[in-house]
Amino acid sequence: MSPVTELASGVDSLYLSGRAELPRPLLDDLELHRTAAQESGCPVPYSFGGYDWLVKSHSLHRHRYWLEHPLASVGISPSEKLPPIYAQFRAEGIHSLGADGVVSWLTGALRNADLSPTLTVSRIDLHADWQHWHLDGDQRHRFVCRSRDLTTYEDDFELTGFSFGNRKTKTVTARIYDKTREIDGNGHDWWPEVWGADFEPDAPVLRTEFEFARAALREMNLDDPTTTLANTDRLWAYATREWLTYRTPSRHSCSHRWPVAAEWEQIQHASLAGAAIPMDRITAGRTAGELRRIMPGLNGYVASFGSWTDHDTIREACAALPEHLYAFERTSRRAFCGRVHEKRQQRR
């Protein structure tokens, strides 16, 4: 049996809140763009902090104004009941620039917009991806967790993962799941770029992931992004040594006295180094994944079109398509290029 191999580990999600005085002209401008987005039915371009964003027609959680960028989603709220600024970084951004890099980028953008918020971490997720660690549902009794909430997920009687803890506590939760199966469904085909040369395409990748919410971070005296990111090893040690462990059964009747399994000892020593790859490679992987996802449906529709128009080959069917697409464009009164633009904006 091959040894358990670490493919990648580090920060996978990061959520920040910020306190700052929001200028009235900024809020008025955002309201105008939000209204324009509602009227057009798709996000509208917006320049903010020296970068090109999109303003969406609806709220980001409870924050009225939703600004979207390839690196992050930012919510801005005039409500006194909420932190004025909320930021959620995209995994693609974190794995391209690094967690410190995306924080620096956002801080610079806010500073360029004449905002100097005090940023705090509201949530951070740490992950480690492994191959050659084999789990099944019958092994759930080998996990010893501080939380009594354990959910097992299966698909056609095949284990897809476990979740531990309850998000409502706003402390710590964990997931262990088949990352390769998830990628098959969401089209994030850029992950093999992160995993690198050690990745074996024919073997599943198991992800171990811990989510630390605000209450858990405050309990560990972690608040601002710089301090929190400097203590990811401390967070991982707590999560894998005290909060959750995977044990080898022994003669003891109490599972918490069983020895820690060799696989889990490796997980405890995850490098948390983070893997930074160029954004263009992530974009290429994401594009390939989306095309892989839509191709079965596209092939089916074109085949149906060919059957009704008596075109038996791909070349013949595709050559006949423009006439029908132009006709539909006229009857629907919506330009094809407009639909493409809308889809492109919705992708963000």
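Has region 109-117 got at least one residue that is under 15 Å from the mean Cα position of the chain (by Cα) and among the hydrophobic types (A, V, I, L, M, F, W, C)?
No: zero hits.
Being aliphatic (A, V, I, L, M) and out of contact with any Phe, Trp or Tyr (no Cβ under 9 Å at 6 or more places or on another chain) is the filter; apply it to region 184-212 and report the residue that is nearest to Trp130 (Cα to Cα). Reasoning before the result, please.
Let us first name the residues in region 184-212 that are aliphatic (A, V, I, L, M), namely 194, 197, 203, 205-206.
From the residues that got through so far, the ones that are out of contact with any Phe, Trp or Tyr (no Cβ under 9 Å at 6 or more places or on another chain) too are 194, 197, 203.
Details: Val194: 12, Ala197: 13, Ala203: 10 Å.
Out of the qualifying residues, it is Ala203.
Quick one: would you say Glu211 is charged (D, E, K, R), surrounded by 15 or more Cβ atoms within 10 Å (Cβ to Cβ) and farther than 26 Å from Ala239 by Cα?
It is false that Glu211 is charged (D, E, K, R), surrounded by 15 or more Cβ atoms within 10 Å (Cβ to Cβ) and farther than 26 Å from Ala239 by Cα.
Would you check which residues across region 153-175 are surrounded by 14 or more Cβ atoms within 10 Å (Cβ to Cβ) and farther than 26 Å from Ala216 by Cα and list them?
Passing the criteria: Leu159, Thr160.
Could you please let me know if Gly10 is out of contact with any strand residue (DSSP E or B) (no Cβ under 9 Å at 6 or more places or on another chain) and either closer than 21 Å to Thr228 by Cα or open to solvent by less than 20 Å² (accessible area, probe 1.4 Å) (or both)?
no
Among the listed residues Arg111, Arg146, Arg64, which satisfies the condition of being in contact with a Pro (Cβ under 7 Å, 6 or more places away or on another chain), of a type in the set (D, E, K, R) and more than 21 Å from Leu206 (Cβ to Cβ)?
Arg64
Does region 245-293 hold any residues that are modelled with pLDDT of 85 or more, part of a helix (DSSP H, G or I) and under 27 Å from the mean Cα position of the chain (by Cα), and which are they?
Listed by number, the residues that qualify are Glu263, Trp264, Glu265, Gln266, Ile267, Gln268.
Condition first: on the phi < 0 side of the Ramachandran plot and at pLDDT below 95. Now tell me which residues in region 84-98 satisfy that.
Arg90, Ala91, Glu92, Gly93, Ile94, His95, Ser96, Leu97
Could you list, in sequence order, all residues of region 317-348 that are at pLDDT 75 or above, assigned to a helix (DSSP H, G or I) and open to solvent by 100 Å² or more (accessible area, probe 1.4 Å)? Outline the logic, then answer.
First pass over region 317-348, keeping only residues at pLDDT 75 or above: 317-336.
So of that shortlist, the ones also assigned to a helix (DSSP H, G or I) come out as 317-332, 336.
Selection gives Glu323, Tyr326, Phe328, Arg330, Thr331, Phe336.
Report yes if some residue within region 141-152 is open to solvent by less than 40 Å² (accessible area, probe 1.4 Å), without any contact (Cβ under 8 Å) to a residue 60 or more places away in the chain, in contact with a Lys or Arg (Cβ under 8 Å, 6 or more places away or on another chain) and not acidic (Asp, Glu); otherwise report no.
No, that holds for no residue.
For residues that are touching a strand residue (DSSP E or B) at 6+ places or on another chain (Cβ under 6 Å) and among the hydroxyl-bearing types (Ser, Thr, Tyr), tally how many sit in region 60-110.
4
Go through region 303-326 and report how many residues are of a type in the set (Phe, Trp, Tyr) and out of contact with any helix residue (DSSP H, G or I) (no Cβ under 9 Å at 6 or more places or on another chain).
The initial filter retains those residues of region 303-326 that are of a type in the set (Phe, Trp, Tyr), namely 305, 308, 326.
With out of contact with any helix residue (DSSP H, G or I) (no Cβ under 9 Å at 6 or more places or on another chain) added as a condition, the list becomes 308.
Result for region 303-326: 1.
From the set of residues in region 229-259 that are without any contact (Cβ under 8 Å) to a residue 12 or more places away in the chain and polar (S, T, N, Q), which is nearest to Arg218 (Cα to Cα)?
Applying the first criterion (without any contact (Cβ under 8 Å) to a residue 12 or more places away in the chain) to region 229-259 yields 230-231, 250-254, 257.
Going one step further and asking which of them are polar (S, T, N, Q), we end up with 231, 250, 253.
Details: Asn231: 13, Ser250: 37, Ser253: 35 Å.
Checking each candidate, the answer is Asn231.
Are any residues in region 187-208 in contact with a Gly (Cβ under 9 Å, 6 or more places away or on another chain) and open to solvent by 40 Å² or more (accessible area, probe 1.4 Å), and if so, which ones?
Correct list: His188, Asp189, Pro192, Glu193.
Mind checking which helices (runs of 4 or more DSSP H) fall wholly inside region 188-240 and carry at least 3 residues that are more than 16 Å from Ala91 (Cβ to Cβ)?
Numbers: elements: 191-195, 214-219, 225-229, 232-238.
The qualifying helices (runs of 4 or more DSSP H) are 214-219, 225-229, 232-238.
When Ala109 is evaluated against the numbered criteria (1) without any contact (Cβ under 8 Å) to a residue 60 or more places away in the chain; (2) surrounded by 14 or more Cβ atoms within 10 Å (Cβ to Cβ); (3) part of a helix (DSSP H, G or I); (4) not acidic (Asp, Glu), which criterion, by number, is the only one it fails?
Ala109 satisfies all of (1) without any contact (Cβ under 8 Å) to a residue 60 or more places away in the chain; (2) surrounded by 14 or more Cβ atoms within 10 Å (Cβ to Cβ); (3) part of a helix (DSSP H, G or I); (4) not acidic (Asp, Glu) except (1).
Can you tell me which residue is farthest from Ala230 (Cα to Cα) among those in region 51-97 that are surrounded by fewer than 18 Cβ atoms within 10 Å (Cβ to Cβ) and small (Gly, Ala, Ser)?
Ser57
Which pairs have Cβ atoms under 7 Å, sit 6 or more apart or on different chains, and link a residue in region 309-338 that is within 18 Å of Leu298 (Cβ to Cβ) to one that is aromatic (Phe, Trp, Tyr) and open to solvent by 100 Å² or more (accessible area, probe 1.4 Å)?
Short answer, once both residue conditions are applied: Leu325/Phe336.
The values are calculated or read from the model by the stated rules, or taken from the named source; none is laboratory data. Every value quoted in this text rests on a predicted model; they were computed, and no experiment measured them. FYI the Cβ positions are ideal-geometry reconstructions off the backbone, even for glycines, and counts take in every protein chain you see. SASA here: full protein model, heavy atoms, side chains in, ligands and nucleic acids out. Shrake-Rupley method; radii C 1.70, N 1.55, O 1.52, S 1.80 Å.
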